[in-house]
Amino acid sequence: MNLILALFKCVAGFLGHSFALMADGIESTADVVSSGVVYFGLKYAIKPPDEEHPYGHGKAEPVAAIIVSLALVAAAIFIGAGSIQRIRTPHPLPEPYTLWVLLAVVAVKILLSRYVSSVGETIDSSAVRNDAWHHLSDAITSGFAFIGISIALWIKNPTADDWAALCAAPVILFNACRQLRHPLGELLDESPGPQIERDVRLAASTNPHVIGIEKCHVRKVGFRFYVDVHVVVNGSLTVREGHKIAHEVKAHILQTIPRVAEVLVHVEPEEALLAAPHN
């Protein structure tokens, strides 16, 4: 679908003397590339752990998201530079039929963006969410192009088409930078949010031998979470008893929170609860 739209817009823009439509087609070509990157990134991310990657391949998912965002940055720079060049160069008015092309494109791209966004939210994938933003930015570019061509035909000034493309560039650039934050956070092991930590603390606290939780750290790798939790127990327990409690806590967390892939449980004596700051 994206490839057909890209070719259609590029050809219509070239024949119809509309750089805004051609720029829109170029961005759609970037959509095709980014969708491919997302597909292969997700395919690699769901591969199970192996000897070389004991924590799995989940980091491929945010890497794919970053590539998609960088593709948006590149598209915005190209559109902005091309628009400035066209503004300074005399060229014919765009053809009226390009408006109908853009109306159809906006409708298709908005529908695609909503569908891909819902998929991204369902599987909690920053790469898929970024791809949805890529579709939406394409619709925004098409909307600017429609306005620019309409003004150009109305006032008989072809540069209005190019000014529209230039106005779309910073909007695309802003969204690209905005979408970079989440996958970069994942790569840097940013905390995924308070809810998952609360769930882990609650699950660990249900064990009758656990007096408290000293620390709880959660990081997201792909679609799964990896947990480090420090549980406080009676300091008089034996090593064997503490080891048994740690296994019980781990098993319960894995059972109650399906998206947790691995849990590392540290057993601390009860003195640690009084000595350490609460996290």
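Values in this text are rule-based calculations from the coordinates and carry no lab data. Because the structure is predicted, anything quoted here is derived from the model rather than measured. Heads up, the Cβs are rebuilt from the backbone with ideal geometry, glycines too, and the neighbour counts pull from every protein chain shown.
Observations
- Angle between the chain longest axis and helix 159-187 axis [Cα atoms, degrees, rounded to 10]: 10 degrees
- Tail beyond 29 Å, pair distance distribution of the chain (Cα, percent): 48 percent
- Inter-site label distance for GLU121 and GLU270 at 7 Å from Cα along Cβ, in nm: 4.7 nm
- Distance from the C-alpha centroid of region 48-105 to that of region 164-184: 10 Å, rounded to the whole angstrom.
- Full extension of the segment from ASP50 to GLU190, taken as 0.36 nm per residue of separation minus the current Cα-Cα distance, would add 48.0 nm.
- Taking a straight Cα-Cα cut-off under 27 Å and skipping sequence neighbours fewer than 8 places away in the same chain, the lysines within cross-link reach of LYS250 are LYS47, LYS59, LYS215, LYS220.
- Inter-probe distance in nm under a simple model that places probes 7 Å from Cα toward Cβ, at LYS43 and HIS247: 4.0 nm
- 0 to 90° range, to nearest 10: angle between helix 2-15 axis and the chain longest Cα axis: 20 degrees
- Pairwise FRET efficiency - VAL33 versus LYS156, Cβ, R0 = 41 Å, nearest 0.05: 0.65
- Antiparallel %, DSSP beta bridges [both residues in the chain], to 5: 50 percent
- Orientation-averaged projection of region 1-143 equals 8.9 nm² [convex hull of Cα atoms, one quarter of hull surface area].
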